[in-house]
Amino acid sequence: MRRTPEPYLWLLFSGGGVVAALLLPVLVLLFGVLMPLGVVDWPAAEHLRALLDSPPVRVALVVVVVLCLFHAAHRVRHTSEELFGIARFDVVIALLCYGGAVAGGVVAAVLMV
Amino acid sequence: MKTRDEVTPGGYRPRRDAFWFARSRAYTVFVLRELTSVFVAWTVVFLLLLVDAVLGGSLPEFAALAARPWMIALNVLALAATCFHAITFLNLAPRATVVRLDGYRLPAWLIQGGNHSLWLAVSAVVAFFVLRGFQ
């Protein structure tokens, strides 16, 4: 039987979908909308730094970034192929999408080290 | 706009409607749901910029960037998209997972309700640690 990476990609897609659903709305609400609009004060830099200094938080952030980016990459791959009728270029599109997710994960890991 | 049918050495290829997603409301909602992934990716990039600013000591500059009108508009769209993603994704769970308790199949609304309750709880915990924490 031919081996294919598709089940693992769907697994990453599902995991990333759940993580993105649970965490991203509150983070973008706070840091992207309420704080810039002045509804909520920005926390002190030391407070945020103290949160990020915890090794479990750093590891969790890298995992969150990787899962969310793989989720997005998987959806962008399939949606772009359906939307524009370019499924015949699947290999190139997959490489671009998942390559971007891997690159984002590497950036996150470098930031956290 | 439809392209012509094609008969190639590889086989018959029926003509394709380039605007198939506009044919019905269900298709449009489907495509909108899929496109939330672009804003998921953007939100991750935005948060990585925030982490970089915090670790690099440039939080005031990041706050100034985040307060620009175009950036706020982009993040309002990202908020709407990530909420749409959360609602639709968490609602899909009962179709992917069948939970049985002593032979009794849990109804979909119970699984969805549990998911949305978890979403609220996680959001509250994250907001607590970001805004206040144990001081």
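The values are calculated or read from the model by the stated rules, or taken from the named source; none is laboratory data. Everything numeric here is computed off the predicted structure, so don't read it as measured data. We place every Cβ from the backbone using ideal geometry, glycine too, and count neighbours over all the protein chains shown. Side chains are part of the model used for accessible areas, which takes the heavy atoms of the whole protein and leaves out ligands, DNA and RNA. Shrake-Rupley method; radii C 1.70, N 1.55, O 1.52, S 1.80 Å.
Worth pointing out:
- In the range B:14-73, the residues that are surrounded by fewer than 18 Cβ atoms within 10 Å (Cβ to Cβ), among the charged types (D, E, K, R) and touching a residue at least 12 places away in the same chain (Cβ under 8 Å): B:R15, B:R16, B:D17
- B:L110 being over 25 Å from A:E46 (Cβ atoms) and free of Cβ contacts under 8 Å to residues at least 12 places away in the same chain: yes
- Residue ID - nearest to B:T88 (Cα to Cα), chosen from residues in the range B:102-117 that are open to solvent by 90 Å² or more (accessible area, probe 1.4 Å) and not acidic (D, E): B:W109
- Checked across the range B:54-61, the condition of being facing chain A (nearest Cβ under 7 Å), over 16 Å from A:L69 (Cβ atoms) and touching a Leu at 6+ places or on another chain (Cβ under 6 Å) holds for at least one residue.
- Checking the stated criteria, A:G16 turns out not to satisfy the condition of being at positive phi and either more than 11 Å from chain B (Cβ to nearest Cβ) or not hydroxyl-bearing (S, T, Y) (or both).
- Of all the criteria given as (1) farther than 16 Å from B:W42 by Cβ; (2) aliphatic (A, V, I, L, M); (3) within 18 Å of the chain's Cα centre (by Cα), the one not satisfied by A:V28 is (1).
- Scanning the range B:31-79 for residues that are touching an Asp or Glu at 6+ places or on another chain (Cβ under 9 Å) and of a type outside the set (A, V, I, L, M) turns up B:E34, B:S58, B:F62.
- Helices (runs of 4 or more DSSP H) contained in chain A and holding at least 3 residues exposed (fewer than 14 other Cβ atoms within 10 Å of the Cβ): A:6-27, A:55-84, A:90-112
- Per the listing B:L120, B:L92, the residue uniquely assigned to a helix (DSSP H, G or I), at the interface with another protein chain (Cβ under 10 Å from one of its Cβ atoms), more than 28 Å from A:V57 (Cα to Cα) and open to solvent by 30 Å² or more (accessible area, probe 1.4 Å) is B:L92.
- Filter result (of a type in the set (S, T, Y) and touching a residue at least 12 places away in the same chain (Cβ under 8 Å)) within the range A:55-100: A:S80, A:Y98
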